[in-house]
Amino acid sequence: MSTALSFNDVGVIFPDGTEAIRGVTFDVATGEFVTVVGPSGCGKSTLLKVASNLVAHTSGQVEVDRASLGYTFQDATLLPWRTVQRNVELLLEFHGVSKTERAAIAQEHIELVGLTGFENHYPKRLSGGMKMRVSLARSLAMKPQVFMFDEPFGALDEITRERLNSELLDLFSTEGFAGLFITHSIQEAVFMSTRILVMSARPGKIVAEFKVPFEYPRRDELRYEPDFARLAGEVSEALRASSGEAGH
Amino acid sequence: MSAPPEPSSVRRLLGLAGPPFAVAMGVIGIWYFVSEVALSDGQSFLLPPPHAVFQSGVLDGQHLTELLEGLRATLIVTLVGLTISIILGMSVAILMYQFGWFESTFFPYAIVIQATPIIAIVPLIGVWMGFSFNARVLVVIIISIFPIITNTLFGLKSIDRNFINLFELHSVKGPTRLTKLSLPAALPSIFTGFRISAGLAVVGAIVGEFFFKGGEEKGLGRLISRYQLQLQTEQLIAAIVIASMLGVALFLIVGFASDRLTRSWHTSRRETG
Ligand SMILES: Nc1ncnc2c1ncn2[C@@H]1O[C@H](COP(=O)(O)OP(=O)(O)OP(=O)(O)O)[C@@H](O)[C@H]1O
Ligand SMILES: [Mg+2]
């Protein structure tokens, strides 16, 4: 297993003096699905922005192949004036893929996320879950080696969120990307990941790490098994401790 | 072989057009009352009744030709001025969006142009440029460019940060970002600017004509001025109605174009049905 993404003692201090993260060190290997949980405002999004170079880190080293990086935001960020098909083609268009090739690749990935028949719909006519699927298809079309997700399902209802969790895990198995996932939901973290990192309050550091032993493919019933509940409890406790004494 | 309109859409049209139509009927009723009952015979030239306006302003062949020629001249000035305003105003707004220094240097002057009463500038333009077509077009540009600059700039500045991140992630900048992101995202605001400016452009054209009487062109503004001097109230009212219809027509055309271009995707539009 090779390293797909590596942070070594990375710190970020914003120009206004806000120290978002400090001394963050972790790797994501191919075949891994790593989830980061942490209190609000601790610098989780900043991690992904540093990895993608939207934000410059002020100390430490980051190694990742940015050309093969996928990134979905909390919001689906679909261009409202483009149809589903044309939204999925967007990144391919940026990278100069020819028109016919684009159409074929987009078609294939629309099918992959189960939206065949919606190619010509505009985003305003899609539900929140469908928009997120389009957003996933758009990133997947670039065949990312590392796929980063910033609370992608945070705004969805629980049923839709659980369905998309399973679908995303299927894609993780078939498409072979390394995953770096951010969530507020401990259930989601345990269900999805091979490994969970817990961050402290700002400036964010990694204060705990959990290996998740369950085999893929993971069935929905896993959520109700005692081992699952025990691990979720441990993560929850670490998260509470990391949020500082104020919470007690 | 077009299908007959659905009853529901007919009803909707009636619902939409009904109340304004009732208001028009009311206004015409009051108009009749004032000119036939309230005014004595000696004063009736102040407000001739609607049918008299229609009779001598529109049905009379000579006046109609005059008004239509005026309309044509005004329309040309308006459209040329508005087109230049749109191109120039959008370019200025795009430059202001791309370069902060450009905005901080020139935006104050855009406000100055907007804040100076047009009536105060027109005589100076007359002195500089004479009564030419170009002078009239300049008046139209001065009065109509500001809403285009501000609305375009507002639209460009309101683009969701996430979209910009998405484009930055793939190092898409400059003209590609402008055409694939900034302009489409700003389109609804840009059209709001067009709509305001279309009405103002008509005002500018008529004001210009009203003051530049020496020139060759016979615009509506010049007719209005002449009818006023000669107390031809019927023709004066007919000219005013035509001028206002020109403004309304441009407003509607711009609105229709905006609707066609953004209806399928824009969410803040009123949903029908
Ligand atoms: N450009 C910036 N300049 C200054 N401070 C910033 C900037 N961007 C983020 N911050 C601050 O850095 C901290 C970390 O932000 P970040 O968005 O990474 O948090 P987060 O863990 O993703 O929070 P949330 O759970 O709410 O999404 C926050 O306190 C935030 O206010
Ligand atoms: Mg965040």
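The values are calculated or read from the model by the stated rules, or taken from the named source; none is laboratory data. Everything quoted here is computed from the prediction, not taken from an experiment. Ideal geometry is used to build each Cβ from the backbone, glycine not excepted, and the neighbour counts take in all protein chains shown. Each accessible area value is taken on the protein alone, full model and side chains, heavy atoms only, with ligands, DNA and RNA left out. Shrake-Rupley method; radii C 1.70, N 1.55, O 1.52, S 1.80 Å.
Quick notes on this structure:
Listed here are the residues, each with its yes/no results for (1) in contact with a helix residue (DSSP H, G or I) (Cβ under 8 Å, 6 or more places away or on another chain); (2) within 16 Å of ligand 2 (Cβ to nearest atom); (3) within 12 Å of another protein chain (Cβ to nearest Cβ); (4) on the phi > 0 side of the Ramachandran plot.
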| position | (1), (2), (3), (4) |
| --- | --- |
| A:LEU69 | yes, no, yes, no |
| A:PRO123 | yes, no, yes, no |
| A:GLY128 | yes, no, no, no |
| A:ASP150 | yes, yes, yes, no |
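- A:LEU197 vs. criteria within 16 Å of ligand 2 (Cβ to nearest atom), within 23 Å of A:ARG161 (Cβ to Cβ) and either within 14 Å of chain B (Cβ to nearest Cβ) or in a strand (DSSP E or B) (or both): yes
- Of the residues A:GLY31, A:GLY60, the single one that is assigned to a strand (DSSP E or B), more than 13 Å from chain B (Cβ to nearest Cβ), at positive phi and more than 14 Å from ligand 2 (Cβ to nearest atom) is A:GLY60.
- All of (1) of a type outside the set (Ser, Thr, Tyr); (2) open to solvent by less than 20 Å² (accessible area, probe 1.4 Å); (3) within 13 Å of ligand 2 (Cβ to nearest atom) hold for A:ASN87 with one exception: (3).
- Top-ranked residue of the stretch A:9-25 - restricted to ones that are assigned to a strand (DSSP E or B) and open to solvent by 10 Å² or more (accessible area, probe 1.4 Å), ranked as farthest from ligand 2 (Cβ to nearest atom): A:ASP9
- Residue within the stretch A:211-231 that is surrounded by fewer than 19 Cβ atoms within 10 Å (Cβ to Cβ) and in a strand (DSSP E or B) present: yes
- Residue within the stretch A:41-49 that is within 16 Å of ligand 2 (Cβ to nearest atom), touching a Lys or Arg at 6+ places or on another chain (Cβ under 9 Å) and on the phi > 0 side of the Ramachandran plot present: yes
- Selection from the stretch B:196-221 of residues that are open to solvent by 60 Å² or more (accessible area, probe 1.4 Å) and part of a helix (DSSP H, G or I): B:ILE196, B:VAL203, B:PHE210, B:PHE211
- Matching residues, the stretch A:34-57, being within 14 Å of chain B (Cβ to nearest Cβ) and either closer than 19 Å to A:PHE153 by Cβ or assigned to a loop (DSSP other than H, G, I, E, B) (or both): A:SER45, A:LEU48, A:SER52, A:ASN53, A:LEU54, A:VAL55, A:ALA56
- Pick from the stretch B:141-195, criterion farther than 13 Å from A:PHE94 by Cα and part of a loop (DSSP other than H, G, I, E, B), ranking: farthest from the chain's Cα centre (by Cα): B:ASP160
- Search result, residues across the stretch A:28-46 that are open to solvent by 30 Å² or more (accessible area, probe 1.4 Å), over 11 Å from the mean Cα position of the chain (by Cα) and near ligand 1 (Cβ under 6 Å from one of its atoms): A:SER40, A:GLY41
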